[in-house]
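The structure appears below as structure tokens.
The values are calculated or read from the model by the stated rules, or taken from the named source; none is laboratory data. Source: prediction; values computed, not measured. Glycine also receives a Cβ, built like all others from the backbone with ideal geometry; neighbour counts cover every protein chain displayed.
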Amino acid sequence: MNRRTFFKTAGATTLIGTASLLGGVSPAQAKEGKLATLIDLTKCNGCIDRKVPACVAACKESKKGSIPEPVHPIPVPFPTRKVEDWSKKKEVINRLTPYNLIFVQKAKVTSEGKEKTIFIPRRCMHCDNPACATLCPFSANHKFKNGAVVIDQDKCFGGAKCKTLCPWEIPQRQSGVGIYLKVMPTLMGNGVMYKCDLCYDRLKEGKKPVCIEACPQKAMHIGPRKDIYEMAEVLAKNIGGYIYGKEENGGTSTLYVSSVPFSELNKAIEKGPGRPGLPPVKRRLAGTEPLGKAVLASPALGVAVGLVGALKSLSKRKEKLSEKEE
């Protein structure tokens, strides 16, 4: 056995050993332990034999009914801002929308003289230090200890600042829903922002995210962060490949492994609204962003925060009164 074969065999053994640890996630890990996910692009085939990729179908099914029907007509914000209504386009699967939190991109590239088609499942990266959560003045976006970044629909005003701060512009807005309708339907807010929450409720029960569980190619994995990072390193070395998500935006809980450089994939994929690229991304600091400073200094924002607090207090008071009456 030569040196190269030895290391490949050793690496494969390590990979298999690591993979065996990823059968499930304990409730304790889901609450306190830092988790990460791995998406192996050498295995994903885009579910070309299906009308809808398995991960996409599973996600849509699990989130069905989670967005309330928007009011009609949807209030037009003042000053005029774009109203986004996806409630009549729930079937869209070729981009991110409030009703489609994961989709599969396709990249046709030439690598080592051969044409290849690479399929790339896209969703929230669940950054280690997400500016979207740091910036949100209503604390509607929260980073949990297990790595998941989750938007609280009951607190979100749909201002889309999280989307602006996100290097990949992942969060998507549905106008005409949410708390802003009870507070300032025309002057503050414009709906609710939606994105992948890593199936946070399932994680708390020791279950995998539905996209990972549904993948027929076993191209997705979840487990303790240390194990996933090691698994990604071993896999990348074995195929002479590349990792995306380890350094981007200061680090994330989502790692992609590809046999093709991500710079080439970024050139090949279709980019635009709801279709993020794969660029090299430096850490974005919310406190130094001009947008962040402007948002936090907004007088209207202070009024809205106060009203939200008042609404919550009133709601709690009603709950206590109803309990006494019972």
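To keep it simple, each residue is scored yes or no on (1) of a type in the set (Phe, Trp, Tyr); (2) at pLDDT 95 or above.
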| residue | (1), (2) |
| --- | --- |
| 98 | no, yes |
| 117 | no, yes |
| 120 | no, yes |
| 124 | no, yes |
| 135 | no, no |
| 138 | yes, no |
| 145 | no, no |
| 160 | no, no |
| 163 | no, yes |
Condition first: surrounded by fewer than 13 Cβ atoms within 10 Å (Cβ to Cβ), part of a loop (DSSP other than H, G, I, E, B) and modelled with pLDDT of 75 or more. Can you find one or more residues in region 33-49 that meet it?
yes
Going by the conditions given, is residue 209 crowded, with 23+ Cβ neighbours inside 10 Å and either modelled with pLDDT under 95 or within 17 Å of residue 63 (Cβ to Cβ) (or both)?
yes
Name the single residue, out of those in region 76-94 being closer than 19 Å to residue 64 by Cβ and of a type in the set (Val, Ile, Thr), that is surrounded by the most Cβ atoms within 10 Å (Cβ to Cβ).
93
Hey, could you check region 57-108 for residues that are part of a strand (DSSP E or B) and within 17 Å of the chain's Cα centre (by Cα) and say which is nearest to residue 183 (Cα to Cα)?
97
Test: residue 115 is over 18 Å from the mean Cα position of the chain (by Cα), outside any loop (DSSP other than H, G, I, E, B) and not β-branched (Val, Ile, Thr):
yes
Restricted to region 262-304 and to residues being modelled with pLDDT of 60 or more, surrounded by 15 or more Cβ atoms within 10 Å (Cβ to Cβ) and aliphatic (A, V, I, L, M), the residue farthest from the chain's Cα centre (by Cα) is 268
Would you please list the contacts, defined by Cβ atoms under 6 Å and residues six or more apart or on different chains, that run from a residue in region 95-118 that is loosely packed, with under 13 Cβ neighbours inside 10 Å to a residue that is in a loop (DSSP other than H, G, I, E, B)?
none
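Out of curiosity, is residue 70 at pLDDT below 95 and buried (at least 17 other Cβ atoms within 10 Å of the Cβ)?
No.
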